[in-house]
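Visitor: Below is the structure I would like to discuss, written out as structure tokens.
The values are calculated or read from the model by the stated rules, or taken from the named source; none is laboratory data. None of the values given here were measured: they were computed from a predicted structure. In this analysis, Cβ positions are derived from the backbone assuming ideal geometry, glycine residues included, and neighbour counts consider all displayed protein chains.
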Amino acid sequence: MRLTVLGSGSRGNAILLDAGRTRLLVDVGFGVRTMAARLRACGTAPESITGVVLTHEHVDHAQGALDACARWGWPLYATRETLDALPTPVVPVREIVAGAPFSVGDVTGLGALVPHDAAACLAFVFEDRATGFRTGVALDLGTVPPALPGFLSQLDALVVESNHDEAMLRAGPYPWVLKQRILGERGHLSNDATAALVGACAHRGLRTVVLAHLSETNNTPALARTAVEAALARRGRVASSARAAIYTATQRTPLGPIAPRGPRLSSQLELTL
Ligand SMILES: [Zn+2]
Ligand SMILES: [Zn+2]
């Protein structure tokens, strides 16, 4: 399963998971023209997309979803809460439920609710049934629920928000109300919170970590990366730290495609910890 972040941040998010015959998008937070341009820049024809899965209804995740689905005939996978928060779609809809597996072509998806100030917000694990390759996606969550590290275990690749450096946010230019929203339990993850989550999910098979949804005002790629590297080292997962390639996604430029490296190692977890 190849992974491309078409863009990520407060002005738009879209992730392409390419499992060969099945190509799915997680979120369409860009307009149709931008989506077409970025997909084609990554060598993917929009017509070849199998389906769209939405994490939640916020504009930076869903603003282009209905238009793009209508334009290219993509089916839309979302929770009832997310669908109800959007205009009525004129596209094929597949309602999904947290905790219930669903299929998009050759890929099985499973969602878990995460705390965020949306009607509902899901983190996902997507598994390519042909290869067993598992990619986790966790965007937009204010806190890490106790069950989330377990849900995101045994992954080959993880895309996770690392929204802000808490000190930069507190000292930065945002209005106090907005700072409180971002820092709140249903806001966004700090670098330190993300680092702790990645550390808890780390295992020998985790080869790719993409830090996403970085604030352009209250974070830097270097700070986000350093926090994750330090957390991995603190937890004594030196082998994991050395094996996992850590990337930072940006708002303007696609990242990827990132291809799986080496043999799939997730199944060897218990042998190495
Ligand atoms: Zn959101
Ligand atoms: Zn967002």
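Visitor: Does residue 262 satisfy being in a loop (DSSP other than H, G, I, E, B), away from ligand 1 (no atom under 16 Å from the Cβ) and modelled with pLDDT under 95?
Guide: So residue 262 fits the description; yes.
Visitor: Mind checking which residues of region 80-102 are within 14 Å of ligand 1 (Cβ to nearest atom) and closer than 22 Å to residue 125 by Cβ?
Guide: 81, 82 - these are the residues of region 80-102 that are within 14 Å of ligand 1 (Cβ to nearest atom) and closer than 22 Å to residue 125 by Cβ.
Visitor: Name the residue that is farthest from ligand 2 (Cβ to nearest atom), counting only residues in region 1-11 that are more than 12 Å from the chain's Cα centre (by Cα) and closer than 18 Å to residue 59 by Cα.
Guide: 11
Visitor: OK, next. Taking region 20-42, which residues are crowded, with 19+ Cβ neighbours inside 10 Å, closer than 17 Å to residue 210 by Cβ and away from ligand 1 (no atom under 16 Å from the Cβ)?
Guide: Correct list: 24, 25, 38.
Visitor: Can you tell me which residues in region 119-132 are out of contact with any Leu (no Cβ under 9 Å at 6 or more places or on another chain) and either of a type in the set (S, T, N, Q) or crowded, with 21+ Cβ neighbours inside 10 Å (or both)?
Guide: If the condition is that a residue be out of contact with any Leu (no Cβ under 9 Å at 6 or more places or on another chain) and either of a type in the set (S, T, N, Q) or crowded, with 21+ Cβ neighbours inside 10 Å (or both), then 131 is the only one that fits.
Visitor: Among the candidates 82, 143, single out the residue that is within 16 Å of ligand 2 (Cβ to nearest atom) and more than 30 Å from residue 207 (Cα to Cα).
Guide: Just one listed residue meets the conditions, 82.
Visitor: Just for region 51-91: of the residues that are more than 15 Å from the chain's Cα centre (by Cα) and among the polar types (S, T, N, Q), which one is nearest to residue 13 (Cα to Cα)?
Guide: 63
Visitor: Within region 117-163, take every residue that is charged (D, E, K, R) and within 16 Å of ligand 1 (Cβ to nearest atom) and give me the one that is nearest to residue 4 (Cα to Cα).
Guide: The qualifying residue nearest to residue 4 (Cα to Cα) is 161.
Visitor: A further question on this structure: Restricting to region 26-52, name every residue that is within 15 Å of ligand 2 (Cβ to nearest atom) and more than 12 Å from residue 7 (Cα to Cα).
Guide: Listed by number, the list is empty, since nothing qualifies.
Visitor: For region 55-71, which positions are within 14 Å of ligand 2 (Cβ to nearest atom) and either of a type in the set (Ser, Thr, Tyr) or not in a loop (DSSP other than H, G, I, E, B) (or both)?
Guide: 55, 59, 60, 61, 62, 65
Visitor: Quickly run through region 43-63 and pick out the residues that are away from ligand 1 (no atom under 12 Å from the Cβ) and surrounded by fewer than 21 Cβ atoms within 10 Å (Cβ to Cβ).
Guide: Residues satisfying the conditions are 43, 44, 45, 46, 47, 48, 50.
Visitor: What helices (runs of 4 or more DSSP H) lie completely within region 140-202 and have 3 or more residues being surrounded by 24 or more Cβ atoms within 10 Å (Cβ to Cβ)?
Guide: In region 140-202, the matching helices (runs of 4 or more DSSP H) lie at 191-201.
Visitor: If a residue must be surrounded by fewer than 12 Cβ atoms within 10 Å (Cβ to Cβ) and either in a strand (DSSP E or B) or touching a Pro at 6+ places or on another chain (Cβ under 6 Å) (or both), how many such residues does region 84-100 contain?
Guide: Residues that pass the stated criteria total 0.
Visitor: Within the set of pairs 6+ apart or on separate chains, which have a first residue in region 57-68 that is in contact (Cβ under 8 Å) with a residue 12 or more places away in the chain, a second that is near ligand 1 (Cβ under 9 Å from one of its atoms) and hydroxyl-bearing (Ser, Thr, Tyr), and C-beta atoms under 7 Å apart?
Guide: Every condition considered, the pairs that remain are 60/10; 61/55.
Visitor: Of (1) of a type outside the set (S, T, N, Q); (2) under 16 Å from the mean Cα position of the chain (by Cα); (3) closer than 18 Å to residue 120 by Cα, residue 182 satisfies all except one. Which?
Guide: (2)
Visitor: Collect the residues in region 101-118 that are touching a strand residue (DSSP E or B) at 6+ places or on another chain (Cβ under 7 Å) and either loosely packed, with under 15 Cβ neighbours inside 10 Å or modelled with pLDDT under 95 (or both), keeping them in residue-number order.
Guide: 101
Visitor: (1) surrounded by 21 or more Cβ atoms within 10 Å (Cβ to Cβ); (2) within 16 Å of ligand 2 (Cβ to nearest atom): which one isn't true of residue 74, the others all being true?
Guide: If we test residue 74 against (1) surrounded by 21 or more Cβ atoms within 10 Å (Cβ to Cβ); (2) within 16 Å of ligand 2 (Cβ to nearest atom), just (2) comes out false.
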